[in-house]
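Read-outs: derived from the displayed coordinates by stated rules, not from any lab. Just so it is clear, the model here is predicted, and its values are computed rather than measured. Neighbour counts are summed over all protein chains in view; Cβ atoms, including those assigned to glycine, are modelled from backbone coordinates with ideal geometry.
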Amino acid sequence: MRKDYQILGCKVVEGCSAEAFPVFVFVEPDKDEKRYLVEDLKIDEHTLNSALDPDELSRLEFEPEHVALIFKRPKNYSGKDQFLFRTGSVGAFLFKDKLILVLGEDAPIFDGKLFNKVGTLNDLMLRLIFRSVYHFLEHLKIISMISDELEQKVNASMENKYLINMFTLEKSLVYYLNAINSNAMLIEKLKMNAAKIGFVPEEIEFLDDLLVENSQCVKQAEIYSNILASMMDARVSIVSNNLNMLIKTLTILTLMVMVPTLVVSAFSMNVAIPFQHHAQAFWIIMGFALSSIAAMLLVWRHKRW
C-alpha cells in the first residue's frame, strides 16, 4: 500500500504536488510496488527486504543516487500480544528530491507536534528517528507500570500466569534494549557522515540532541531490565513462600479437625465403652472433643506456628 505526503508550510500533509518535497510511504509493498522501488528507483533489493524484516539491525548505507538507512521502532501493542512488546524496522531512502519510507506494518508515523516544524527532507528523516526514540520511552513507562501491577499480584497470588507475564516483560526489555542500542550506532554513523549526507548546522545540532535522548533511553531500558531481572528470583521465592504458608495452614486445620474426630470416633465403636450408660454421655464426649481443640490451639500458640 502506498501513501503520498509532502512538506508544505513546514508540515507533513497527505497528498503530493510538484511544488513540494514528496514523501512516499510504502506499507507492506506488494510485488508491483517492490518492482517499482527496485527497478525504477534503484533501491537495493536486499536493503528493501531488510527494511521489512523486524529482526534487522539499524544501519546506514550510501548508494549512488540515495542514502539508505534502517532504524528500529516499537510495534503497536495489542492485548493479543500477552505483555510481549515487539520491535519493527523502518527503511528510509533519502534522495535529493524525495524521501521513501518502507514499513512492515501500517502505523501512524507523522503523528504529534514534532512534525509541525519540518524544514527539509533531512530534517524529516531525523525527526522520524527522534519519534522512534520517544516512542520507545513511552513504551518503557508502560512496561514499568505493568511490572509494578504484576508485582503486587505476585505478592498476593500463587498462580504461575503472573510470573509468566513478568518473564514476558523481561524478554520484551531485552528486545527493546537491543533495538535502542542499534539505533544509537545508527545515530553515531549519521553524525560522522553529516557532511557527506548534507546536514546543515541546525540539523547537526538536532543530531546531538537526538544522541542524548537515545542515550537516556538506553540507560532507562537498562535500569528497567536490570531491576526486573534481579527481582524475578525474589518474586519466585515469594510465590513459593505463599504456597508453603497455605500448605502449613491447611495442615494445621486438618489436625484441628482430625483430633476431635478421633475422640468422637473412639466413643462410637460397637464395643463396651466408658459412659455408655451415663445420662450425660453425649455432652461428656463433646466436652472431650472441645478440650482436644483447645489443647491443639494451646500447642499452636506455644510453638508459634
May I ask you to sort Ser172, Ser230, Ser215 by Cβ crowding, counting other Cβ atoms within 10 Å and putting the fewest first? Ser230, Ser215, Ser172
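With helices defined as uninterrupted DSSP H runs, which ones in the chain have an alpha carbon span along their own long axis of at least 20 Å and mean Kyte-Doolittle hydropathy of at least 1.0? Please list the in-between numbers first.
Values: long enough: 121-156 (53 Å, 0.26); 160-192 (49 Å, 0.19); 201-266 (97 Å, 0.66); 281-303 (33 Å, 1.32).
What comes out of the filter, once short or polar helices are dropped, is 281-303.
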Hey, of [x] 22.0; [y] 19.3; [z] 24.2, which did the structure itself give for Kirkwood radius over Cα pairs in Å when calculated? [z]
With springs only between Cα atoms under 10 Å, which of His46, His135, His278 fluctuates most in a Gaussian network model of the chain? His278
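What's the exposure ranking of Thr120, Thr251, going from fewest to most Cβ atoms within 10 Å?
Details: Thr120 16, Thr251 11.
With the sparsest Cβ surroundings first, the list reads Thr251, Thr120.
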Round to the nearest 0.05 the FRET efficiency obtained for Asn226 and Asp55 when R0 = 22 Å and r is the Cβ-Cβ distance. 0.40
Which whole-number percent gives the relative contact order of segment 102-206, counting Cα pairs below 8 Å spaced six or more residues apart? 28 percent
At a Förster distance of 35 Å, what's the computed FRET efficiency of Gln152 paired with Lys31, Cβ-Cβ distance as r, to 0.05? 0.10
Within segment 1-78, DSSP-loop trypsin sites (Lys or Arg not before Pro) with at most 12 other C-beta atoms within 10 Å are none
Computed helical MRE - 222 nm, the chain, DSSP H runs ≥ 4 contributing -39500 (n - 2.57), nearest 500: -20000 deg cm²/dmol
In this model, which of Lys72/Lys141; Lys31/Lys189; Lys34/Lys96; Lys153/Lys303; Lys75/Lys96 are farther than 26 Å apart at the alpha-carbon? Lys31/Lys189; Lys153/Lys303; Lys75/Lys96
